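**Q** There's a structure below that I have some questions on.
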Amino acid sequence: MRVATALSVVVLAAGGIGHAVVTGLDTGITRVDPFKDMKNRPRAGTGMNVLVVGTDGRDRITPEQKEKYRLGGAPCRCTDTVLLVHISEDRERASVVSLPRDSYAELPEHTDQNSGERHRAHPVKLNAAYSEGGPALTVRTVEAMTRVKIDHYLEVDFTSFMRTVDAVGGVQICTAKPVKDAYTGLRLAAGTHELDGGQALQYVRSRYIDGAADIGRMQRQQKFLAALVDRLTSGGVLFNPVRFREVATTLLGSVRADEGFGTDQLLALAKAMRGFTPASSEFVSVPVRDMDFPVKGVGSTVKWDPDKAQKLFAAVREDRPLATRQAPAERKRPKGVVVDVAPRTIRVQVYNGTRIDGLGRKVDDALRGTGFDTTRTPMTGKGPARTRTLVEYDPRWDRSAKSLAAALPGAELKAVKGRGGTLRVTVGSSYQGVTAVRAETATPARGPFEAVTGDQVVCP
């Protein structure tokens with residue numbers, strides 16, 4: 001969240017604005033040193049890598065804003081969002097990789113920035129790296145997890161996010177269904193909406209719109225970033241020096257960045273990125289193996305798929321596109337029954353509850369074929385043979401269970417407290433096949449990393 005502010009610093013440089021307009025703008029940036037005393041860093045790749053973090057800082061939020069946008073409570077002094085933004089060497093592509101804030105991470109040895117206590121390496125959720133060691137420990141942790149060398153660091157908070165969105169005139173967001181989140185206060189009817197800074201903050205913070213939780217929120221953040229790029233590149237900001245300086249002053253005056261990111265970097269990008277459009281951006285989330293990976297003393301974490309994740313980060317290091325481009329005429333709306341939760345966010349363990357050899361493998365393959373994240377290791381169920389297929393789920397994942405049941409016509413649903421994030425399917429002899437399903441907001445992801453391009457997710 002709020003990462004759009006920092007990403008905009010990069011995108012705003014795309015308009016070929018003259019040096020006289022840009023000079024002096026970086027004097028408003030609050031400087032940090034995220035690379036202090038760092039050793040044994042990854043080898044530099046091709047292109048530029050920017051770590052963009054959104055913190056829950058709310059020191060500058062007014063009482064009225066806190067009440068209106070549900071921003072009360074004490075901040076955790078941690079990162080709500082972590083994005084790895086890669087700008088290609090030819091400056092024609094921006095790849096945005098979302099790193100779940102609850103990702104399982106192992107902090108290296110460090111000194112706690114709050115207590116001064118020396119800590120050994122220990123497991124945490126990724127967002128805790130900022131709490132214990134600030135920007136420097138966050139960069140060290142991300143580099144260790146991805147083996148991608150970070151060139152620049154940008155950080156924003158609630159206030160800078162809202163100011164940025166208002167400075168560009170708001171953003172346009174489309175939703176096919178009404179959305180409501182009691183936690184953030186977000187309420188949007190189906191259709192197209194112009195969101196101001198406060199409304200946009202509600203949109204990117206919402207986690208309880210559907211059962212996809214943080215995965216769904218990351219997808220909405222990606223839609224927001226694409227919409228922001230669209231507004232910047234089509235709204236006249238980039239080619240109007242007066243408008244550019246007004247917006248850039250707002251952006252740069254409310255972010256924190258490393259000493260190496262300044263006027264020269266902005267101008268170099270400006271000369272190279274004049275043709276930047278939403279289609280030039282691509283978005284992807286780190287492949288996940290387990291959405292509910294328990295860690296003693298830490299709680300439920302998000303466990304990455306190690307093989308797929310390393311292939312993704314290798315592509316970033318080698319400056320390769322993450323999405324396969326298609327002409328608009330080649331794009332087709334995916335088919336299938338519409339469900340609340342995207343199949344790819346639902347983890348499924350299949351059991352064969354019959355005496356039919358190979359049925360478990362058949363169902364696992366069929367569910368994976370329609371997009372579900374199956375374990376690929378079907379097992380044999382215990383007890384008497386079943387007639388009706390059974391879907392067991394933790395009550396916290398009830399929407400995911402209903403989405404899974406829609407793919408298994410005639411299946412029985414059973415809530416099991418403490419079941420966790422992996423749903424269990426025990427196949428019965430009445431199984432008649434898997435029905436294709438898709439999320440309402442599904443977009444046709446392409447390429448080996450299921451990435452989408454910005455023009456796919458902006459309003460038509």
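The values are calculated or read from the model by the stated rules, or taken from the named source; none is laboratory data. For clarity, every value in this text was computed on a predicted model and none was experimentally measured. Because the Cβ atoms are built from the backbone with ideal geometry, glycine has one as well, and the counts that use them run over all protein chains shown. Surface areas here come from the heavy atoms of the whole protein model, side chains and all, with no ligands, DNA or RNA. Shrake-Rupley method; radii C 1.70, N 1.55, O 1.52, S 1.80 Å.
Every residue, every condition in (1) modelled with pLDDT of 90 or more; (2) closer than 13 Å to residue 197 by Cα, yes or no:
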| site | (1), (2) |
| --- | --- |
| 146 | yes, no |
| 151 | yes, no |
| 156 | no, no |
| 160 | no, yes |
| 165 | no, yes |
| 172 | yes, yes |
| 175 | no, no |
| 179 | no, no |
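**Q** Taking the range 86-134 as the region of interest, how many residues are open to solvent by 50 Å² or more (accessible area, probe 1.4 Å), farther than 24 Å from residue 316 by Cβ, of a type in the set (D, E, K, R) and assigned to a loop (DSSP other than H, G, I, E, B)?
**A** 3
**Q** Right, residue 425: modelled with pLDDT of 80 or more and either open to solvent by 50 Å² or more (accessible area, probe 1.4 Å) or more than 24 Å from residue 284 (Cβ to Cβ) (or both) or not?
**A** It is true that residue 425 is modelled with pLDDT of 80 or more and either open to solvent by 50 Å² or more (accessible area, probe 1.4 Å) or more than 24 Å from residue 284 (Cβ to Cβ) (or both).
**Q** Can you tell me which residues in the range 148-170 are β-branched (Val, Ile, Thr), crowded, with 22+ Cβ neighbours inside 10 Å and in a helix (DSSP H, G or I)?
**A** 164, 165
**Q** A follow-up question, please. Filter the range 99-155 for residues that are among the basic types (Lys, Arg) and in contact (Cβ under 8 Å) with a residue 40 or more places away in the chain; which is nearest to residue 37 (Cα to Cα)?
**A** Result: 140.
**Q** Kindly indicate which of 238, 195 is among the hydrophobic types (A, V, I, L, M, F, W, C), more than 16 Å from residue 101 (Cβ to Cβ) and at pLDDT below 75.
**A** 238
**Q** Looking at the range 171-197, which of the residues that are assigned to a loop (DSSP other than H, G, I, E, B) and touching a helix residue (DSSP H, G or I) at 6+ places or on another chain (Cβ under 9 Å) is surrounded by the most Cβ atoms within 10 Å (Cβ to Cβ)?
**A** Applying the filter and picking the extreme gives 184.
**Q** If you don't mind, there's one more thing I want to ask. Which residues, counting only those in the range 338-364, are charged (D, E, K, R) and either surrounded by fewer than 15 Cβ atoms within 10 Å (Cβ to Cβ) or touching a Ser or Thr at 6+ places or on another chain (Cβ under 8 Å) (or both)?
**A** Scanning the range 338-364 gives 340, 347, 355, 357, 361, 364.
**Q** Report yes if residue 406 is in contact (Cβ under 8 Å) with a residue 60 or more places away in the chain and open to solvent by 10 Å² or more (accessible area, probe 1.4 Å), otherwise no.
**A** yes
**Q** Right, another one. Consider residue 7 carefully, then state whether it is outside any loop (DSSP other than H, G, I, E, B), modelled with pLDDT under 85 and within 25 Å of residue 317 (Cα to Cα).
**A** yes
**Q** With (1) closer than 18 Å to residue 439 by Cβ; (2) at pLDDT 70 or above; (3) out of contact with any helix residue (DSSP H, G or I) (no Cβ under 6 Å at 6 or more places or on another chain) as the list, and residue 213 as the residue in question, which single condition is left unmet?
**A** Here residue 213 meets the rest and fails (2).
**Q** Can you tell me how many residues in the range 370-404 are under 14 Å from residue 429 (Cα atoms), out of contact with any Lys or Arg (no Cβ under 8 Å at 6 or more places or on another chain) and not in a loop (DSSP other than H, G, I, E, B)?
**A** Final tally of qualifying residues: 1.
**Q** OK, next. Going by the conditions given, is residue 376 touching an Asp or Glu at 6+ places or on another chain (Cβ under 9 Å), open to solvent by 60 Å² or more (accessible area, probe 1.4 Å) and at positive phi?
**A** yes
**Q** Quick one: which of 408, 413, 367 is of a type in the set (A, V, I, L, M, F, W, C), part of a strand (DSSP E or B) and over 22 Å from the mean Cα position of the chain (by Cα)?
**A** Of 408, 413, 367, the one residue that is of a type in the set (A, V, I, L, M, F, W, C), part of a strand (DSSP E or B) and over 22 Å from the mean Cα position of the chain (by Cα) is 413.
**Q** Any idea which residue in the range 400-422 is modelled with the lowest pLDDT, counting only those that are of a type in the set (D, E, K, R) and closer than 17 Å to residue 435 by Cα?
**A** Taking the candidates together, the pick is 402.
**Q** Here's a follow-up. Name the one entry in 347, 386, 317, 368 that is closer than 30 Å to residue 179 by Cβ and in contact (Cβ under 8 Å) with a residue 24 or more places away in the chain.
**A** Exactly one of 347, 386, 317, 368 is closer than 30 Å to residue 179 by Cβ and in contact (Cβ under 8 Å) with a residue 24 or more places away in the chain, namely 347.
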